[in-house]
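Let me begin by presenting the structure, written as structure tokens, before commenting on it.
The values are calculated or read from the model by the stated rules, or taken from the named source; none is laboratory data. Since this is a predicted model, take the numbers as computed values, not measurements. Because the Cβ atoms are built from the backbone with ideal geometry, glycine has one as well, and the counts that use them run over all protein chains shown. With ligands, DNA and RNA removed, areas are computed over all heavy atoms of the protein, side chains included. Shrake-Rupley method; radii C 1.70, N 1.55, O 1.52, S 1.80 Å.
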Amino acid sequence: MEKITVQYLPEIEIFINNLSDVLFKKEYFSFYEYAENYVDQLTFFIEKEMINFPYKATPKALKKFGSNYAFYKANNRTTWYIFFEKKANRYLITYLTNNHIKDLNEL
């Protein structure tokens, strides 16, 4: 079996690295460790599970975010949308957002 490679655009890597801080500061989590765990679960899905998860072609209106997307339901209130480019066994994460952000009216 060929090795799967998942990489992030630099701005997405920065977003993920700062996400625990943002979630904690905005009081989505009462303990910093919970925010870290939440982000760890999201990145685990992206790097280990998304490759086995069915993904969809991105609607034309949202192609600026990436050619394909998958989603991760973090809890009852939040679904993350992971946009990416795929070539063979390589995935490049190009955009990451969730249902609380109003840039996804087309999905």
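Note on the stretch 72-85: residues that are open to solvent by 20 Å² or more (accessible area, probe 1.4 Å) and touching a residue at least 24 places away in the same chain (Cβ under 8 Å) amount to 3. Take the conditions basic (K, R), farther than 17 Å from N99 by Cβ, open to solvent by 90 Å² or more (accessible area, probe 1.4 Å) and part of a helix (DSSP H, G or I) and apply them to K64. Does it pass? Here the answer is yes, as K64 does meet what is asked. Could we say that A57 is surrounded by fewer than 16 Cβ atoms within 10 Å (Cβ to Cβ) and among the hydrophobic types (A, V, I, L, M, F, W, C) here? So A57 passes the test.
The set of residues in the stretch 1-24 that are loosely packed, with under 12 Cβ neighbours inside 10 Å and charged (D, E, K, R) comprises E2, K3, E11.
Residue by residue, here is whether (1) out of contact with any helix residue (DSSP H, G or I) (no Cβ under 9 Å at 6 or more places or on another chain); (2) part of a loop (DSSP other than H, G, I, E, B); (3) aromatic (F, W, Y) holds:
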| site | (1), (2), (3) |
| --- | --- |
| K3 | yes, yes, no |
| I12 | yes, no, no |
| I16 | no, no, no |
| S20 | no, no, no |
| E27 | yes, yes, no |
| S30 | no, yes, no |
| I46 | no, no, no |
| I51 | yes, no, no |
| Y72 | no, no, yes |
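Under the condition of being aliphatic (A, V, I, L, M) and at pLDDT below 95, which residue from the stretch 18-73 is nearest to the chain's Cα centre (by Cα)? Within the stretch 18-73, the match that is nearest to the chain's Cα centre (by Cα) is M50.
The lone criterion from (1) closer than 19 Å to I4 by Cα; (2) in contact with a strand residue (DSSP E or B) (Cβ under 7 Å, 6 or more places away or on another chain) left unmet by T78 is number (1).
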